[in-house]
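This report refers to the structure that appears directly beneath it.
The values are calculated or read from the model by the stated rules, or taken from the named source; none is laboratory data. Here the structure is a predicted model, which is why all the values come from computation and not from measurement. Cβ placement follows ideal geometry from the backbone for every residue including glycine, while neighbour counts extend to all protein chains displayed. Accessible surface is based on the protein model in full, side chains and every heavy atom, while ligands, DNA and RNA are left aside. Shrake-Rupley method; radii C 1.70, N 1.55, O 1.52, S 1.80 Å.
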Amino acid sequence: MTDSHPQGKHLGIVVGGSLSQGVEVRLDPSAPVEEMALGQHVVIQGQSRRFFGVITDITLESSDDTLKASPPDLSNPLIARVVSSTAVYATLHVLPMLTLEGALALVEGPKPAKTVPPHFSPAYLASEEDVQMVFGAEDQRHFWLGTPLDMETRVCLNLEEFVQRSNGVFGKSGTGKTFLTRLLLVGILQKSAAVNLVFDMQSEYGWQGYREGGGWVKGLKQLFPSQVAVFSLDEEHCRKRGISPDYLVRVGYNQIEPEDVAMLRETLNLSEGRAS
Ligand SMILES: Nc1ncnc2c1ncn2[C@@H]1O[C@H](COP(=O)(O)OP(=O)(O)OP(=O)(O)O)[C@@H](O)[C@H]1O
Ligand SMILES: [Mg+2]
């Protein structure tokens with residue numbers, strides 16, 4: 001396949017791996033392992049298609065196990081150079097996510113990767129053009145969500161397609177789930193792609209959200225006052241925060257079933273009821 005756009009930085013070649021575990025790319029000595037990072041986008045040029053993947057792991061390897069037991073004398077620059085160019089190397093584990101197949105990719109867009117590139121296929125860091133080809137350029141339908149690691153390129157999301165599916169934002173604690181979700185809701189509101197009902201258990205989306213390290217970020221009501229209605233069950237909590245909700249919701253005693261109380265038994269510290 002001929003390249004229709006410039007390649008990113010050359011990383012190395014594919015030396016093994018699998019579709020489920022990801023392919024192994026032996027890193028070129030010219031690409032410093034420290035500059036590789038988990039989650040970076042990588043493009044692998046197969047014979048008839050390009051593979052678009054992410055780095056899922058980075059390992060340090062040596063071709064000679066005795067190096068682990070008795071490391072060489074690296075104070076000698078010649079030995080250091082020989083060892084670092086031949087005996088030790090790093091492997092990137094790249095999970096192929098999408099394939100771009102020749103000229104068809106321009107029309108059909110990327111498809112889920114169902115195969116892997118062959119041995120010795122060259123791997124590159126994804127270029128701005130690669131990222132744009134996968135995520136689309138910012139326009140009326142594509143919402144700019146952020147940038148990939150170590151890149152300035154805009155990652156965009158087609159919100160019309162996004163709202164047609166069920167979506168989840170997953171991640172370890174403190175990795176930015178709430179911020180990303182807030183951005184997604186902003187995008188959906190801005191493009192009027194859909195209407196959302198948000199159960200805002202920790203009051204992060206309605207009026208304002210907390211930023212770690214201090215400060216607040218605007219919530220949806222502040223950004224789109226006429227398009228967002230905030231409902232609250234807790235008037236006092238709102239007053240403490242200096243916020244007036246659009247609607248106060250009151251749950252009548254006649255609307256509470258025994259099952260609702262049973263569910264809250266631990267929270268309300270109630271003793272176990274006797275089944276009769
Ligand atoms: N897109 C972003 N722009 C700027 N700062 C961000 C962004 N995403 C995350 N942060 C910073 O990281 C902190 C943690 O993000 P966030 O609260 O979204 O994480 P979380 O995954 O929802 O955490 P938790 O699991 O505790 O709910 C934020 O308080 C903010 O300081
Ligand atoms: Mg959160």
Task: Under the Karplus curve 6.51 cos²θ - 1.76 cosθ + 1.60, θ = phi - 60°, whole-Hz ³J(HN,Hα) for segment 64-78, x wherever Gly or Pro sits - done: 10, 5, 5, 4, 5, 6, 10, x, x, 7, 7, 6, 7, x, 5
Open item on the list: Show me, for segment 119-132, the HN-Hα J-couplings you get by feeding each phi into the Karplus relation (A = 6.51, B = -1.76, C = 1.60, θ = phi - 60°), rounded to Hz, glycine and proline as x.
Closed with: 3, 6, 5, x, 10, 10, 5, 4, 8, 4, 5, 4, 5, 5
Task: In segment 216-276, the GluC sites (Glu not before Pro) that fall in loop regions by DSSP, at most 12 other Cβ within 10 Å - done: GLU266, GLU272
TODO: Once you have a ≥ b ≥ c as the square roots of the Cα gyration tensor eigenvalues for segment 210-276, tell me rounded if a/c is under 1.5, and otherwise prolate or oblate according to whether a/b is larger than b/c.
DONE: prolate
Task: Sites matching chymotrypsin sites (Phe, Trp or Tyr not before Pro) across segment 186-243 that sit in DSSP coil, with at most 16 neighbouring C-beta atoms within 10 Å - done: PHE199
- [ ] Could you provide, to the nearest whole Å², the per residue accessible area of the chain with probe 1.4 Å?
- [x] 67 Å²
Task: Angle between the chain longest axis and helix 177-190 axis [Cα atoms, degrees, rounded to 10] - done: 70 degrees
Open item on the list: Against the 2.2 N^0.38 Å scaling, with N counting residues, where does the chain land? I'd like the Cα-based Rg ratio to two decimal places.
Closed with: 1.40
Task: Under the Karplus curve 6.51 cos²θ - 1.76 cosθ + 1.60, θ = phi - 60°, whole-Hz ³J(HN,Hα) for segment 149-163, x wherever Gly or Pro sits - done: 3, 6, 9, 9, 4, 8, 8, 10, 10, 7, 5, 4, 6, 4, 6
Task: the chain - share of DSSP beta bridges that are antiparallel (%, nearest 5) - done: 95 percent
Open item on the list: Please enumerate, by chain and number, the lysines with C-alpha under 29 Å from the C-alpha of LYS221, excluding those fewer than 8 residues away in the same chain.
Closed with: LYS172, LYS177, LYS191, LYS240
TODO: May I ask you to list the trypsin sites (Lys or Arg not before Pro) in segment 65-166 that are in a DSSP loop and have at most 16 other Cβ atoms within 10 Å of their Cβ?
DONE: LYS114, ARG141, ARG165
Task: Range of Cα positions in segment 74-128 per principal axis (Å), largest first - done: 55, 23, 15
- [ ] With a ≥ b ≥ c taken as the square roots of the eigenvalues of the C-alpha gyration tensor of segment 110-260, please select rounded if a/c is under 1.5 and otherwise prolate if a/b is larger than b/c or oblate if it is not?
- [x] prolate
Task: Amide H contacts of GLY146 (H built 1.01 Å from N, under 5 Å, at least 5 apart or other chain) - done: VAL155
Open item on the list: Give me the net charge for the shell around MET97: Cβ to Cβ below 14 angstrom, other residues only, Lys and Arg +1, Asp and Glu -1.
Closed with: +3
